[in-house]
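Q: There's a structure below that I have some questions on.
Read-outs throughout are calculated quantities, based only on the coordinates presented, and are distinct from any laboratory measurement. Only a predicted model underlies this, so the values are computations on that prediction, with no experimental measurement involved. Cβ placement follows ideal geometry from the backbone for every residue including glycine, while neighbour counts extend to all protein chains displayed.
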Amino acid sequence: MTANPALLLILGAAGVPLLRGLPRHALMAAVPVAGLVLLWALPEGTAPGLQFLGLELMPVRVDALSRVFATGFLIAALLTMVYAMHLRDTLQQAMTLVYAAAAVGGTLAGDLVTLFVFWELAGLSSAFLIWAGRNERSHRAATRYLAVQLLSGLLMLAGIVLRVQSGAGLEFGHLGLDAPGGALILAAIGIKCAFPLLHSWLTDTYPEATIVGAVALSAFTTKFAVYTLARGFAGTEMLVWVGLVMAVFPIFYAVIENDLRRVLAYSMINQLGFMVVGVGIGGALGINGASAHAVADMVFKGLLFMSVGAVMLRTGTANGSDLGGLYKSMPQTAALCMVGAASISAFPLFSGFATKSLIMEAVGQEHLTVAWLLLLFASAGVFHHAGIKIPYFAFFAHDRGYRVAEAPLNMRAAMVMAAVVCVAIGVAPSLLYDMLPYAVDYAPYTTAHVINQLQLLLLAALAFTVLVRTGLYPPELRSVNIDADYVYRRALPQGWRALSRAADAGRARIGPVLRRRGGELWEIATGPLRPGSRVSRPWSTHLMVWWTALVLGAMLLLAFL
Amino acid sequence: MIANLPVLQVLIPLGCAPLCVLLRRRSLAWLVFLMAALGSLACAAVLARQVAAHGPLHYAVGGWAPPYGIEFVVAGYNTPVLLVVSGAAVAAAVYSLGSVRTEIDDRRAPLLYTFLCLTLGGLLGLTVTGDVFNAFVFLEISSLSTYAMVALGPRRRALPAAFRYLVIGTVGATFVLIGIGLAYAVTGTLNMADLAARLAAADSDRALYAAAVFVFVGLAVKAAVFPLHAWLPGAYGEAPSTVSTFLAATSTKVALYVLCRLTFTVFGAGLVFGTMPVGRIGLLAGGLAAVAASAVACFQTDLKYLLAWSSIAQIGYILAGISLGTAAGVSAAYLHLINHAVIKASLFAAAGLVLVRLGSVQLSALAGLGRRMPWTFAAIVIAGLGLVGVPPTAGFAGKWALASALIEAGQWPVLVAMLVSSLLALGYIGRIVETAWFREPASVAEPSGAPASMTAVVWVLVAVSVVFGLDAALPASLAESAAEALLNGGG
């Protein structure tokens, strides 16, 4: 317990509200760096445990898998802290550190109780980052978010309790779906990892977070879940198909979404899909791929959220339809955003190329042709909605006349650092490969692979260009879908528009009624609980005596029966 | 000296009570109460050590040998309660230095201290006595002085609240007396150990069942077991802050302890849980209390009432643990009893602090004050997380133990009720957090300064609750030895 980077981060977080100005900035940057140093100074293996309520806890376990994830989290924490330096709101800064600590601590947890503690801490601390919007909308979003996170925590606790009761012990190693409590724990992870149908909290609430909050959220919760999945459920075949659905379905939503931060949230599910597929395949290559891609994703997804956040800070909006032409006033942010976009689209020389290909290779080696093709489709989809759509609509497209200042210096610094990491991993993959849990026997830069990838990307880019040039797309539905043909591309927007008109009309007619009815129902249901109601107002003495007599009578009756 | 400690423990506060009236000065009365509380805490600590080392202590009052004379018994099952009660009294004494001045005028303050001494003596006596009729007497001493203390509350609503408490409390006490009378009619003895021996022979006597039912229902009223809880929100919500802090940690807990004591060492677990359906009824009432009271707490608009409703829910947890009748269940109940006493005392103390500084504990009055009173609200949040049961607070240790005990006994519905109740607890604590930090302040008036004594008590209690969460060795060992003493008849 003594040498735990997570504790270091929490201590640092406690110091943040106490300092001002330069010392605070120094502390914010120093804490994650110190965490990294401490992490790499720790010897491999499990630190001596401690006793708690008769349970043997192992709060610190360092092995290759936990170290690579923890390193990623600490780097992400550093980037986020630099990005957050301009804030006056110490709550967000401190909570981001606590949140990062939760992810790091959970990653290093050697037993399930410690894991659960950090699992809950991650949920609680991150809710503050949504709350910190300090308006009605963010209050509601934070409450929804917290409810989902707590549900996940409860499921995990229930799973752990079942597991302990069955005598399987507290150690956090491979859990497996068939072990007692395994299904519950998987469901808990599934919520945080945004499995299909369990994902809606993510796309619902991430875009409601503060600018800094969204950057922090993008790095920790879901990747923490991926780590837990990789540790506990590696090689569970079901996960391959779950991951495929995750990789494919968000593409369609992302294409028609207008809020750029929500587009990024969808693309996050899509990226998570790749990692879940990697975990599902398991084995050295699958786990390596999932870990490497998770670390790369923390950085490039963070970079994208940072650039959109910078745009939002300066223009006050993240809606694609309201933005455009910002490359003139924010050229550096635009360039950095494109580095992130290139990374997520897996351009050669950028990080996604080095990491995603590990997963593709793992799928290929298993000869899962359908899965491989679907992932290929998903890769192309990523390029559309994240690689092109985000920078294009934010910085190019139609000039909306924004003449704003460049992003604050600290934001640009954070983005530059993230971009450097992206390019470094892309140019020298061995930097990351050497940290992975298993030895990597894979070279991403083969002629065939590079050419394949370039073909995919260039054709996608070509399609986009042609479509935009020919003006085939209505402005609010700018999107490209390479495997959809011409007719389909026309039918889709029209059908969509007809559908959404109908849905709007329906919503206008039914919505208020439903909301009113719902409100009334809630009033009726909670009526007895409110102050002044029959239950909660002071009971008269005869009512109390009646109850006492009733209970006495009932107990006597039951006792004599 | 040590041989006389069991009786000294009770006599010190009882003897200090008239002193408080006679001295008439606020500061002197305060000093007397503080001394009484410290004295009983010292006795409790020495006794706990003795019992842990040498086993139970028996003391024949006035030299009259039991079963004819009154016997005091100090054993593993009541040392935790003695420590909690006398510890809470010390906390209340220190706290009252700052609190009583703002709520009660100088003329009545010595009376408050008198009642505090009497309540303390009554509760301690109720805890150590080994004689059922004597238990009734102590129950009445503590109850009557509690009614008077509630009536001293600063608002006019305190009077009807105290009156309601008086009526229903008296009904409960009368039930206890009827039960004791029936048991006496069956066996002809009042000494608990003697009763137990004779009751074993008088099995399947209907008068005996009736005796048990009357005693349990009477104690359930005193312990505010759902649905006999209705006196509690008013009494805790309207009492002076010192009193609600003290009562929240002690009165219902002692009633629950007596319930345990009579169940396991007098009537016997076989009778209570085997032939009579008390265990099932207790689990039902506990589960219902946990969910219903937490749900009501979510909608309260007054901080003290909110805390009072949450107490009813937490009593449900403790009752559920006892009703399992297993070693794990009883030990979990004791652990939660200790932890909850600390947590709830700290919360009521913090609420009193808010009352002093703002003049109101309406949630609407707290809007946006998290930044202006960061330390007070930090204390509320830390203690509140304990109520929810977030690790690593004390609340988690208790809930974890209780959850394991429930699973071991296969009581899934109760476990679900507990988890739902925890979620609801998060709801009402979340409301406080949300109001204090994320709402616009209602007024610009600066909160007045916090008396150092009150702040100190709040933080010491919060610190204790965190320490008990991080290192549960002390409360856990107390709870385990209590369960062992009860279940193995080690008295």
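Q: Rank A:GLY282, B:PRO413, A:VAL148 by how far each Cα sits towards the positive end of the charge dipole of the protein assembly as shown (+1 on Lys, Arg Cβ; -1 on Asp, Glu Cβ) and give me just the farthest.
A: Selected residue: A:VAL148.
Q: For the range B:254-269, in order, what is each residue's ³J(HN,Hα) by Karplus, 6.51 cos²θ - 1.76 cosθ + 1.60 with θ = phi - 60°, in whole Hz (x at glycine and Pro)?
A: 5, 4, 5, 4, 4, 4, 4, 4, 5, 4, 8, 9, 10, 6, x, 4
Q: Can you tell which of A:GLY381, A:HIS449, A:LEU358 lies farthest toward the positive end of the dipole of the range A:357-466, using +1 and -1 charges on the Cβ of basic and acidic side chains (Lys, Arg; Asp, Glu)?
A: Of the candidates, A:GLY381 comes out farthest on the positive side.
Q: So, one more: In the structure displayed, which of B:LYS222/B:LYS344; A:LYS223/B:LYS399; A:LYS192/B:LYS344 lie more than 25 Å apart, Cα to Cα?
A: Values: B:LYS222/B:LYS344 18 Å; A:LYS223/B:LYS399 30 Å; A:LYS192/B:LYS344 33 Å.
Distance filter (> 25 Å) returns A:LYS223/B:LYS399; A:LYS192/B:LYS344.
Q: Taking amide H positions as placed in the peptide plane 1.01 Å from N, state which residues far from A:GLY110 in sequence (5 or more) or on other chains have amide H under 5 Å from it.
A: Distant-sequence amide H within range of A:GLY110: A:MET58, A:VAL60, A:ARG61.
Q: Within 10 Å of each candidate Cβ there may be at most 11 other Cβ atoms; applying that plus a DSSP loop requirement, which trypsin sites (Lys or Arg not before Pro) in the range A:354-449 survive? All intermediate terms of the calculation are to be shown ahead of the outcome.
A: On the way: sites: A:LYS356, A:LYS389, A:ARG400, A:ARG403, A:ARG412; in loops: A:ARG400, A:ARG403.
Listed in order of number, the matching sites are A:ARG403.
Q: Let me ask you something else. Taking K and R as +1 and D and E as -1, what net charge do the other residues with C-beta under 13 Å from the C-beta of B:TRP64 add up to?
A: Working: positive: none; negative: B:GLU71, B:ASP131.
Once positives and negatives cancel, what remains is -2.
Q: Hey, got a sec? Which trypsin sites (Lys or Arg not before Pro) in the range B:1-101 land in a DSSP loop and have at most 16 other Cβ atoms within 10 Å?
A: On the way: sites: B:ARG24, B:ARG25, B:ARG26, B:ARG49, B:ARG101; in loops: B:ARG24, B:ARG25.
Sparse-neighbourhood loop trypsin sites (Lys or Arg not before Pro): B:ARG24, B:ARG25.
Q: Output ³J(HN,Hα) for the range B:123-130: one whole-Hz value per residue in order, computed from phi by the Karplus curve 6.51 cos²θ - 1.76 cosθ + 1.60 with θ = phi - 60°, and x for Gly and Pro.
A: Going residue by residue, I get 5, 5, x, 4, 6, 8, 5, x Hz, with x marking Gly and Pro.
Q: Another question about this same structure. Across peptide A:553-559, what mean number of C-beta atoms from other chains lies inside 10 Å of a residue's C-beta? Walk me through the intermediate numbers first.
A: Values: counts 2, 3, 12, 7, 1, 7, 12.
Taking all residues of A:553-559 together, the mean is 6.
Q: May I ask for the angle, rounded to the nearest 10°, between helix A:136-165 and the longest principal axis of chain A, with both axes built from Cα atoms and the value confined to 0 to 90°?
A: Its long axis makes an angle of about 70 degrees.
Q: Related question: Mind checking the log10 I(q)/I(0) for the protein assembly as shown at q = 0.07, 0.08 Å⁻¹? Debye, one equal scatterer per Cα, no solvent, two decimals.
A: -0.68, -0.84
Q: Of B:HIS340, B:GLY62, B:GLY370, which is farthest on the positive side of the dipole of chain B, counting Cα position, with +1 on Lys and Arg Cβ, -1 on Asp and Glu Cβ, and the Cα centre as origin?
A: Going by the charge dipole, the pick is B:GLY370.
Q: Another question, then. What's the center-to-center distance, using Cα atoms, between the range A:84-134 and the range A:266-317 in Å?
A: First find each Cα centre; the distance between them is then 19 Å.
Q: Looking only at the range A:518-541, which residues have a backbone nitrogen under 14 Å from a spot 7 Å from the Cα of A:LEU550 in the C-beta direction?
A: A:534-536, A:539-541
Q: Moving to a separate point now. Running Debye on the range B:300-350 with equal point scatterers at the Cα sites and no solvent, what base-10 log of I(q)/I(0) appears at q = 0.14, 0.15, 0.18, 0.19 Å⁻¹?
A: -0.39, -0.43, -0.58, -0.62
Q: Right, here's the next one. Residue by residue through B:293-304, how many Cβ atoms from other chains fall within 10 Å of the Cβ on average?
A: Numbers: counts 3, 1, 5, 8, 2, 3, 10, 4, 3, 1, 0, 0.
That average works out to 3.
Q: Over the range B:193-238, what lengths in whole Å, largest first, do the semi-axes of the equivalent ellipsoid take, defined as the square roots of 5 times the eigenvalues of the alpha-carbon gyration tensor? Numbers along the way, then the final one.
A: Numbers: eigenvalues 205, 24, 6 Å².
Value: 32, 11, 5 Å, ordered largest first.
Q: Next up: About the Cα centre, and with charges only on the beta carbon of Lys, Arg (+1) and Asp, Glu (-1), how big is the dipole of the range B:277-491? Nearest 20 debye, please.
A: Values: 9 positive and 8 negative charges, 81 e Å.
The dipole of the range B:277-491 has a size of about 380 debye.
Q: Tell me which residues come under 5 Å, amide H to amide H, from B:GLN362 once H is placed; ignore anything under 5 positions away on its chain.
A: Counting only residues 5 or more places away or on other chains, the set is B:LEU303.
Q: Calculate the length of the line joining the C-alpha centroid of the range B:453-486 to that of the range B:318-381, in whole Å.
A: What the calculation gives is 14 Å, centre to centre.
Q: Here's a follow-up. Can you compute the modelled spin-label distance between A:ASP441 and B:SER453, with each label point 7 Å from Cα toward Cβ, in nm?
A: Inter-label distance under the simple model: 7.7 nm.
Q: If you don't mind, another one. Tabulate in residue order the Karplus-calculated ³J(HN,Hα) for the range B:95-109, using 6.51 cos²θ - 1.76 cosθ + 1.60 with θ = phi - 60°, rounded to whole Hz; enter x for Gly and Pro.
A: Those phi angles translate into 4, 5, 4, x, 7, 5, 4, 7, 10, 10, 6, 4, 5, 8, 4 Hz.
Q: How would you order A:344-354, A:457-467, B:239-249, B:450-460 from highest to lowest mean count of nearby Cβ atoms within 10 Å? Provide the component values of the computation, followed by the final result.
A: Details: A:344-354: 25.5, A:457-467: 16.3, B:239-249: 29.4, B:450-460: 19.7.
The packing order, highest mean first, is B:239-249, A:344-354, B:450-460, A:457-467.
Q: While we're here: Mind giving me the nanometre distance, one decimal, between the label points for A:ARG516 and A:ARG403, set 7 Å out from Cα along Cα→Cβ?
A: The modelled label-to-label distance comes out at 5.0 nm.
Q: I've got another one for you. How do A:542-550, A:318-326, B:394-402, B:129-137 rank on mean C-beta neighbours within 10 Å, highest first? Provide the component values of the computation, followed by the final result.
A: Working: A:542-550: 15.4, A:318-326: 19.6, B:394-402: 27.4, B:129-137: 23.0.
Packing proxy ranking, top to bottom: B:394-402, B:129-137, A:318-326, A:542-550.
Q: What number, rounded to the nearest 500 deg cm²/dmol, is the helix-based mean residue ellipticity at 222 nm of chain B, given -39500 (n - 2.57) per DSSP H run of at least four residues and division by all its residues? Don't jump to the answer; show the numbers that get you there.
A: Values: 18 runs with 365 residues, N = 491.
When only DSSP H runs of four or more count, the value is -25500 deg cm²/dmol.
Q: Can you compute the FRET efficiency between A:ASP89 and B:PHE133 using 1/(1 + (r/R0)^6), with r the Cβ-Cβ distance and R0 = 41 Å? Round to the nearest 0.05.
A: On the way: r = 64 Å, r/R0 = 1.55.
The calculated FRET efficiency here is 0.05.
Q: Suppose every K and R has +1 on its Cβ and every D and E has -1 on its Cβ; what is the size of the dipole of chain A about the Cα centre, in Debye to the nearest 20? Show your work: numbers first, answer last.
A: Working: 37 positive and 28 negative charges, 421 e Å.
So the dipole magnitude of chain A works out to roughly 2020 debye.
Q: Between A:THR369 and A:THR317, what length comes free when the chain is fully extended (0.36 nm per residue of separation minus the Cα-Cα distance, one decimal in nm)? Walk me through the numbers before you get to the answer.
A: On the way: separation 52, 0.36 × 52 = 18.72 nm, distance 4.19 nm.
Full extension from A:THR369 to A:THR317 adds 14.5 nm.
Q: Can you give the angle from 0 to 90° between the axis of helix B:206-222 and the longest principal axis of chain B, with both taken from C-alpha atoms, to the nearest 10?
A: That works out to roughly 20 degrees.
Q: Can you check what the net charge comes to around B:ASP194, using other residues whose Cβ is under 15 Å from the Cβ of B:ASP194 (Lys, Arg +1; Asp, Glu -1)?
A: Numbers: positive: B:ARG198, B:ARG261; negative: B:GLU71, B:ASP131.
Cβ neighbours under 15 Å give a net charge of 0.
Q: Moving on to the next point. Run the numbers for A:ALA448 and A:ASP259: contour at 0.36 nm per residue of separation, minus the present Cα-Cα distance, in nm.
A: Working: separation 189, 0.36 × 189 = 68.04 nm, distance 3.68 nm.
Difference between extended and current length: 64.4 nm.
Q: Taking amide H atoms as placed 1.01 Å from N in the peptide plane, list the residues 5 or more away in sequence, or in a different chain, whose amide H sits under 5 Å from that of A:ASP259.
A: Under 5 Å from the amide H of A:ASP259 lie the amide H atoms of A:GLY320, each far enough along the sequence or on another chain.
Q: Which number do you get for Rg(Cα) / (2.2 N^0.38 Å) in the range B:292-381?
A: Relative to the rule-of-thumb radius for its length, the range B:292-381 sits at 1.26.
Q: So, one more: Below 15 angstrom from the Cβ of B:LEU415, what's the summed charge of the other residues (Lys, Arg +1; Asp, Glu -1)?
A: Working: positive: B:LYS399; negative: B:GLU408.
Its environment carries a net charge of 0.
Q: Let me ask something else about it. Could you size up the charge dipole of the protein assembly as shown around its Cα centre, putting +1 on the beta carbon of Lys and Arg and -1 on that of Asp and Glu, and report it in debye to the nearest 20?
A: On the way: 62 positive and 46 negative charges, 632 e Å.
Taking the Cα centre of the protein assembly as shown as origin, the dipole is about 3040 debye.
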